[in-house]
Ligand code: WQD
């Protein structure tokens with residue numbers, strides 16, 4: 001049985017990926033520092049799969065702790081999620097973001113190199129495309145200057161991985177996520193936003209639950225059909241499954257070069273107003289919202305061309321936006337009780 005290290009394995013995307021890894025027969029060992037999640041997620045994963053993953057509470061910024069972990073654990077692959085992810089906070093606290101998101105990556109890659117390990121998957125983001133010249137975005141679109149420090153950590157992270165894999169022949173894949181949403185169909189795991197959510201869907205569900213008074217729609221004067229910005233919302237379970245596909249590609253040595261990167265989205269663009277309308281319809285409720293000015297740093301349109309990912313990873317999304325919005329609401333309702 002292949003043993004896979006998942007850093008940040010108790011976070012939103014990490015926890016869903018752990019479930020899918022276990023469903024596919026992988027043995028999982030999780031590292032998480034619990035800075036943006038709770039230990040109860042471990043029990044909830046266990047409830048879903050019937051298997052308790054091994055867990056180590058480790059802060060990936062501490063080099064010696066990472067070394068000790070690898071001294072004591074043999075792994076066949078690594079999926080590295082552990083990172084800070086709040087765009088606004090990253091601009092206010094750049095050094096915290098560069099330290100946490102990049103030093104941890106370097107420390108883990110040093111262990112991978114020194115121990116001749118292989119099969120490394122990195123959580124990257126569509127944010128590396130900046131304001132894209134056009135959508136759908138293919139992997140051949142240029143990587144642009146990052147809009148935020150967070151985005152820059154993903155851009156630099158990819159460069160570090162590329163240089164490292166070229167120099168030492170380590171097989172790596174970066175997955176460029178579009179907008180992950182939704183929760184596990186069991187509603188046992190989902191997104192746990194700290195404080196006021198910056199992302200659309202948690203703000204929508206918290207508004208529907210009465211936790212927030214009103215949703216602000218950031219701009220209706222974009223040159224899009226209804227004037228609101230367009231994104232590619234992907235269900236987190238579909239996103240999690242992309243990691244299994246990428247891992248199998250690496251383990252089976254089907255990769256074409258030592259560093260590859262793929263767009264992980266649905267290939268479909270949806271506007272903010274379309275999201276709101278779909279959320280209201282599938283959950284049979286009315287959302288309190290108002291139009292306000294554009295949010296600084298937002299791009300107009302960003303959705304994926306998934307042709308390459310679909311073909312090379314032998315993976316595609318299966319869950320509709322409607323299902324995703326239903327699962328997000330089911331999860332929210334469980335949090336409010
Ligand atoms: C989606 C759309 C907003 C909130 C960000 C990061 C990206 C990635 C995912 C992850 C936009 C609009 C939002 C609200 C709104 N990072 N909106 N009212 O900005 O596409 O991507 O999250 O870790 O790197 O940049 O996602 O969910 O914030 O916004 O109208 O209260 O919803 O303007 O058009 P975004 P988002």
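The values are calculated or read from the model by the stated rules, or taken from the named source; none is laboratory data. Since the structure is predicted, the reported quantities are computational estimates derived from the model, not experimental observations. Neighbour counts are summed over all protein chains in view; Cβ atoms, including those assigned to glycine, are modelled from backbone coordinates with ideal geometry.
Couple of notes before you dig in:
- Taken together, the criteria exclude residue 175 from residues that are under 17 Å from the mean Cα position of the chain (by Cα), more than 13 Å from the ligand (Cβ to nearest atom), over 18 Å from residue 299 (Cα atoms) and crowded, with 16+ Cβ neighbours inside 10 Å.
- Among residues of the range 280-336 being assigned to a loop (DSSP other than H, G, I, E, B) and within 18 Å of residue 185 (Cβ to Cβ), the one that is farthest from the ligand (Cβ to nearest atom) is 318.
- Among the numbered conditions (1) within 22 Å of the chain's Cα centre (by Cα); (2) away from the ligand (no atom under 15 Å from the Cβ); (3) part of a helix (DSSP H, G or I), the only one that residue 275 does not meet is (2).
- In the range 1-79, counting only helices (runs of 4 or more DSSP H) that sit wholly within it, the ones holding 2 or more residues that are closer than 20 Å to residue 241 by Cα span 12-23, 40-49.
- Residue in the range 259-268 that is within 13 Å of the ligand (Cβ to nearest atom), buried (at least 18 other Cβ atoms within 10 Å of the Cβ) and in a loop (DSSP other than H, G, I, E, B) present: yes
- Residue among 117, 109, 105 that is assigned to a loop (DSSP other than H, G, I, E, B), in contact with a helix residue (DSSP H, G or I) (Cβ under 8 Å, 6 or more places away or on another chain), away from the ligand (no atom under 14 Å from the Cβ) and under 27 Å from residue 10 (Cβ atoms): 117
- Candidates 191, 147, 158, filtered to the one that is surrounded by 15 or more Cβ atoms within 10 Å (Cβ to Cβ), at pLDDT 95 or above and within 11 Å of the ligand (Cβ to nearest atom): 191
- Screening the range 195-217 for residues that are surrounded by 17 or more Cβ atoms within 10 Å (Cβ to Cβ) and within 7 Å of the ligand (Cβ to nearest atom) and picking the one that is farthest from residue 329 (Cα to Cα) gives 217.
- Pairs linking a residue in the range 167-186 that is in contact (Cβ under 8 Å) with a residue 40 or more places away in the chain to a residue that is within 16 Å of the ligand (Cβ to nearest atom) and part of a loop (DSSP other than H, G, I, E, B), with Cβ atoms under 7 Å and 6 or more positions apart or on different chains, are 178/232; 178/265; 178/303; 179/232; 183/190; 183/191; 184/190.
- Boolean, residue 195 is out of contact with any helix residue (DSSP H, G or I) (no Cβ under 9 Å at 6 or more places or on another chain) and without any contact (Cβ under 8 Å) to a residue 40 or more places away in the chain: yes
- Pick from the range 84-96, criterion in a helix (DSSP H, G or I) and more than 12 Å from the ligand (Cβ to nearest atom), ranking: nearest to residue 12 (Cα to Cα): 96
- Residues that are closer than 17 Å to residue 187 by Cα and touching a helix residue (DSSP H, G or I) at 6+ places or on another chain (Cβ under 9 Å) within the range 24-56 comprise 37, 41, 42, 44, 45, 48, 49, 50, listed in sequence order.
- The conditions of being more than 19 Å from residue 130 (Cβ to Cβ), within 14 Å of the ligand (Cβ to nearest atom) and surrounded by 18 or more Cβ atoms within 10 Å (Cβ to Cβ) are met by residue 236.
Residue-by-condition table, conditions (1) within 20 Å of the chain's Cα centre (by Cα); (2) more than 30 Å from residue 17 (Cβ to Cβ); (3) crowded, with 16+ Cβ neighbours inside 10 Å:
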| site | (1), (2), (3) |
| --- | --- |
| 223 | no, yes, no |
| 244 | yes, no, yes |
| 252 | no, no, no |
| 257 | no, no, no |
| 301 | yes, no, yes |
